[in-house]
Amino acid sequence: MVRRPGEHQGVSAGGKIYNYNDNSNHHYGDNRHNISHFHGSPSTPGTYKGPQDRLEEFVSRGAAHDSAERGTDAPKCYPETREAVQGALLSHIEHGEAKVVWLTGPAGAGKTAIMGTIADKCHARRWLAGSFFISVSAMKVDRCSKRYIIPTLAYHLFQLDIPGLPAAILAAIASNPSVFDKRLNQQVEILILEPIRKVLENTDASSWPKAILVDGVDECAADEGREFETEQDCQRSQEANHREVLSALFQASSDPSFPFHVIIASRPERAIEGYFSSLPKGAIKKMFLDSNYNPEADMELYTRAMLIQIGMECGLPENWYPRAGQVLGIEDVPRYWAKEASGQFVYVATLIRYVQSGPGTRYERLERALNWGKGDSSKPFSALDALYDGILRTSPDPVLAVKWIRAVLYYFRREELAWYIATVLESSPGETGYLLGPLSSLIRIVKEDGEPDFYFYHKSLPDFLQDPQRSGDLHFPDDEVDSFQASRYSAVLKNKGPLVPLPANRTLDAFMAGFCSYLTDPNLFRLAINHRHDAGDVDWWLGHHHLAQYSNATSGVIRAFEVVHEKCRWYACCRGCNVWRKCIREYAKANEWRVPTVLETLRDRLKPFPWHYDDPREEGIDELLGPVDCVSRNREYRLQRLEQERSKGS
């Protein structure tokens, strides 16, 4: 099943990993099976896209520090905390020699909150030239794909009030219309450095902004649309992209004409640490979030202030939280939690959210949190792991709640799809709130306007759930999570519709657009068909499949025809294959598609036709089944590849 970039960047299918990211900011969900990308000019003949239109196609508006997508609850530093590191960063932006600063530290150390606060302060001082907050949690391709980073930063420069710079950027795009298909070092040169040099011929940059901020480089995804043989290949692609992003930013900062400091924040991942270590000494300034920046005192200040505020909001006596600690022999609750945090701001922030909302009174929740006890001090995330374990077990069904969370992580664009995810996963009305409502300190399931939502407050929760050493009996292998989700899709198929009422503002067609798109994801479909379905179920799906949000909805039908036959013996097909293939054949004939001949069917029994053209000498299933014109194009494409390989061989 397709995994989010924070898991393993793709889908394991037949021994290969596919990274099927969405190819558009405007489509419903993911474009799971269309792995071709068109970045050229007009897709519609007769329309013209000017340089600014082309630039805006590759801008991630949600990645800006103050975007509506990041929201008002985007991580920021609590007042009067993290002042040492903030002061060091702002001082370096104003006076520092090294043009690149690398802010790093372990998960949960507060890097994004610091970067968000620095971005706000730079913006207020008119120092901010551009920003890009990479986020895998946003589950949108434009927030975690390298392709959007340089164009977005160029667009932010385009929006600055610098005479001549917007025109120079547009002129560069007009002269290099394929710039968005180039590697990042070429994009930096064409979109940023050349326009800056052009403008500086007639002016100086002394009054320009001072800084560009890029947060979360470690969350930049593997190449979308690529097929990977193993998860290690996918990881290598992701690491290569990390290095390419860093190289492009360092290239810009090294150019004499580039007037900005670049502040980069990331975890100290191997590839990132390796890249920075390879640079000449003094080329960058490294700021590691350790005890030198006194995080313990900041966390104590934050925790004490928030506990006092919580008490005032509820009319509790001033000594409400010390009383809870004294019962357990804890003299000072804020200081105790700050020490337990081991430098991880996410720990105290999650504790405060839990005390603020959840099952029971706030005093009861405080007592419960204090009773979860200490973790193993020899493990770096022990306190955070104990906290996550404790909160998850407040759900009435922790096992099912964790499977729900893992299933939710399957989907890109969760903000837009939250209503669909809840509808397809619920087996009875209100299941979302029943299971996940008590976990409101970890995941938000309802927006302020009442619309469904699945917003994870920190990436460290998925990290915890995916690591069996950390999550213990709350860890479930991918195939078990996949089986759970497949069972929910199968139940919808058998019910011929969702098991719960649709939201009042949603239609069955909108639900089916998502259902038909996701059902034939190979790994999900492989498990779903293990549940017995009759011809009526299959015909119902075929009757709605035109709604699927693929670039070509027929691909799902063809993929189903292939996958359902994978485990059949040469001498006999399984019952599920007979049911599904018979219905698909009848559907295909009714729609005047090409269908496999008797001889081709026999060959398919002996050796199933592949989906991909790994070997152009072999026919693919989409040459045998599908609309006649599509089949012809697929065959022509394979034969062209075969001819090219023969020409190379000769």
Next item on the list: Test SER131 against the stated conditions and say whether it is polar (S, T, N, Q) and crowded, with 24+ Cβ neighbours inside 10 Å.
Entry: yes
Checklist line | Selected residue (criterion: nearest to the chain's Cα centre (by Cα)) from residues of the stretch 595-636 that are modelled with pLDDT of 90 or more and among the small types (Gly, Ala, Ser) | finding: GLY626
Next item on the list: Can you work out which of the residues in the stretch 457-495 that are part of a helix (DSSP H, G or I) and of a type in the set (Asp, Glu) is surrounded by the most Cβ atoms within 10 Å (Cβ to Cβ)?
Entry: ASP482
Next item on the list: Spot the failing condition for LEU351; the list is (1) surrounded by fewer than 23 Cβ atoms within 10 Å (Cβ to Cβ); (2) under 27 Å from the mean Cα position of the chain (by Cα), and only one is missed.
Entry: (1)
Notebook entry, point to check: Before we move on, is SER237 of a type in the set (S, T, N, Q) and more than 18 Å from the chain's Cα centre (by Cα)?
Noted result: no
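Yes/no per residue for (1) touching a residue at least 12 places away in the same chain (Cβ under 8 Å); (2) within 26 Å of SER357 (Cβ to Cβ); (3) not aromatic (Phe, Trp, Tyr):
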residue: LEU442; (1), (2), (3): yes, yes, yes
residue: ILE445; (1), (2), (3): yes, yes, yes
residue: GLU448; (1), (2), (3): no, yes, yes
residue: ASP453; (1), (2), (3): yes, yes, yes
residue: TYR457; (1), (2), (3): yes, yes, no
residue: PRO468; (1), (2), (3): no, no, yes
residue: GLU480; (1), (2), (3): yes, no, yes
residue: VAL500; (1), (2), (3): yes, yes, yes
residue: PHE515; (1), (2), (3): yes, no, no
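Matching residues to (1) touching a residue at least 60 places away in the same chain (Cβ under 8 Å); (2) among the polar types (S, T, N, Q); (3) under 20 Å from ALA74 (Cα atoms); (4) outside the structural domain of ASN241 (by TED's automatic domain parsing):
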position	(1), (2), (3), (4)
VAL136	yes, no, yes, no
VAL141	yes, no, yes, no
CYS144	yes, no, yes, no
TYR148	yes, no, no, no
ALA154	yes, no, no, no
LEU160	no, no, no, no
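Residue by residue, here is whether (1) among the β-branched types (Val, Ile, Thr); (2) at pLDDT below 90 holds:
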{"residue": "ALA560", "(1), (2)": "no, no"}
{"residue": "VAL564", "(1), (2)": "yes, no"}
{"residue": "ALA572", "(1), (2)": "no, yes"}
{"residue": "CYS583", "(1), (2)": "no, no"}
{"residue": "TRP593", "(1), (2)": "no, no"}
{"residue": "ARG638", "(1), (2)": "no, yes"}
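To keep it simple, each residue is scored yes or no on (1) at pLDDT 95 or above; (2) outside the structural domain of GLN344 (by TED's automatic domain parsing); (3) outside any loop (DSSP other than H, G, I, E, B); (4) not aromatic (Phe, Trp, Tyr).
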{"residue": "PRO5", "(1), (2), (3), (4)": "no, yes, no, yes"}
{"residue": "TYR20", "(1), (2), (3), (4)": "no, yes, no, no"}
{"residue": "TYR28", "(1), (2), (3), (4)": "no, yes, no, no"}
{"residue": "ILE35", "(1), (2), (3), (4)": "no, yes, no, yes"}
{"residue": "ASP73", "(1), (2), (3), (4)": "no, yes, no, yes"}
{"residue": "TYR78", "(1), (2), (3), (4)": "no, yes, no, no"}
{"residue": "HIS92", "(1), (2), (3), (4)": "yes, yes, yes, yes"}
Next item on the list: Please find, within the stretch 267-296, the residue that is nearest to SER254 (Cα to Cα) out of those that are aromatic (Phe, Trp, Tyr) and touching a residue at least 60 places away in the same chain (Cβ under 8 Å).
Entry: PHE276
Margin query: I'd like the full set of residues that are of a type in the set (D, E, K, R) and assigned to a helix (DSSP H, G or I), limited to the stretch 52-70.
Written below: ASP53, ARG54, GLU56, GLU57, ARG61
Next item on the list: Specify which of the listed residues (ASN634, ASN530, ASN591) is in contact (Cβ under 8 Å) with a residue 12 or more places away in the chain and in contact with an Asp or Glu (Cβ under 9 Å, 6 or more places away or on another chain).
Entry: ASN634
Next item on the list: Would you point out the residue of the stretch 90-115, among those that are closer than 22 Å to TYR78 by Cβ and free of Cβ contacts under 8 Å to residues at least 60 places away in the same chain, that is farthest from the chain's Cα centre (by Cα)?
Entry: SER91
Note to self: One residue is enough: does the stretch 439-449 have a residue meeting the conditions modelled with pLDDT of 95 or more and in a helix (DSSP H, G or I)?
What the structure shows: yes
Notebook entry, point to check: If we keep just the residues of the stretch 496-553 that are surrounded by fewer than 19 Cβ atoms within 10 Å (Cβ to Cβ) and of a type in the set (Asp, Glu), which is farthest from SER483 (Cα to Cα)?
Noted result: ASP509
Check: In the stretch 556-565, is there at least one residue being closer than 25 Å to ARG605 by Cα and assigned to a loop (DSSP other than H, G, I, E, B)?
Finding: yes
Next item on the list: Go through (1) surrounded by 15 or more Cβ atoms within 10 Å (Cβ to Cβ); (2) without any contact (Cβ under 8 Å) to a residue 40 or more places away in the chain and name the single condition MET299 misses.
Entry: (2)
Checklist line | Top-ranked residue of the stretch 579-588 - restricted to ones that are free of Cβ contacts under 8 Å to residues at least 24 places away in the same chain and buried (at least 16 other Cβ atoms within 10 Å of the Cβ), ranked as farthest from ASN530 (Cα to Cα) | finding: ARG585
Margin query: Taking the conditions exactly as written (at positive phi and out of contact with any strand residue (DSSP E or B) (no Cβ under 8 Å at 6 or more places or on another chain)), does GLU592 satisfy them or not?
Written below: yes
Next item on the list: Identify, from the list GLY282, GLY325, the residue that is modelled with pLDDT under 95, more than 33 Å from the chain's Cα centre (by Cα) and surrounded by 13 or more Cβ atoms within 10 Å (Cβ to Cβ).
Entry: GLY325
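The values are calculated or read from the model by the stated rules, or taken from the named source; none is laboratory data. Note that the structure is predicted; figures quoted are calculated from it, not measured. Ideal geometry is used to build each Cβ from the backbone, glycine not excepted, and the neighbour counts take in all protein chains shown.
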